[in-house]
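I have placed the structure first, in the form of C-alpha cells, so that the comments after it can refer back to it.
The values are calculated or read from the model by the stated rules, or taken from the named source; none is laboratory data. Because the structure is predicted, anything quoted here is derived from the model rather than measured. We place every Cβ from the backbone using ideal geometry, glycine too, and count neighbours over all the protein chains shown.
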Amino acid sequence: MRKLLLTGIYTLLLVGCATVPPEGASAGASVDEVLAMADQKLSEAKAAKAEWMIIDSATGSKAVSLTKVLAAAKEKAAAGETDEAMRMANRVIESSELGIEQVMSQKDAAPSFN
C-alpha cells in the first residue's frame, strides 16, 4: 500500500512539474521571444560562472553546454521546428536559473576541517 501511495505521489509531482513552464516563459510567447529570453538568462549564468552542461535528446547522448543547446534551438527554430526549439529554449532558461541559484547558495562555501 505504501509503495502504491509513493508511486502515485511521485507521478503527480512528475506530471505537475513537467507542465509548468520556467519562470518568465509565458505560454503565449513566440519562439523568438523565448529564444531571446534564453539568450539573456544564459548570459546572466555565464556572468555568474554558472553555465551548466546538460544532456538533451536533440544534441546527442553526451552532456553539452547550455550554449550549444541554445545554438541547436536556434537552428531548430530556423528550420521551422518551433515546438522543439521552444522546448530546448525553455530548458536553457530553467538550467540557467538553476545554475545561478546554485552559485548564489554556495557563494560562502568553504572547506570544513572538523
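Just a few scattered comments:
- Residues in region 69-88 that are under 12 Å from the mean Cα position of the chain (by Cα) and within 13 Å of ILE54 (Cβ to Cβ): VAL69, LEU70, ARG87, MET88.
- Looking only at residues in region 29-52 that are more than 22 Å from GLU101 (Cα to Cα) and crowded, with 17+ Cβ neighbours inside 10 Å, the one that is modelled with the lowest pLDDT is ALA29.
- The single condition from (1) touching a Pro at 6+ places or on another chain (Cβ under 6 Å); (2) more than 18 Å from GLU33 (Cβ to Cβ) that LYS46 fails is (1).
- Verdict on LEU70 being within 12 Å of SER95 (Cα to Cα), aliphatic (A, V, I, L, M), touching a helix residue (DSSP H, G or I) at 6+ places or on another chain (Cβ under 8 Å) and modelled with pLDDT of 95 or more: yes
- Number of positions in region 53-82 that are exposed (fewer than 15 other Cβ atoms within 10 Å of the Cβ) and assigned to a strand (DSSP E or B): 1
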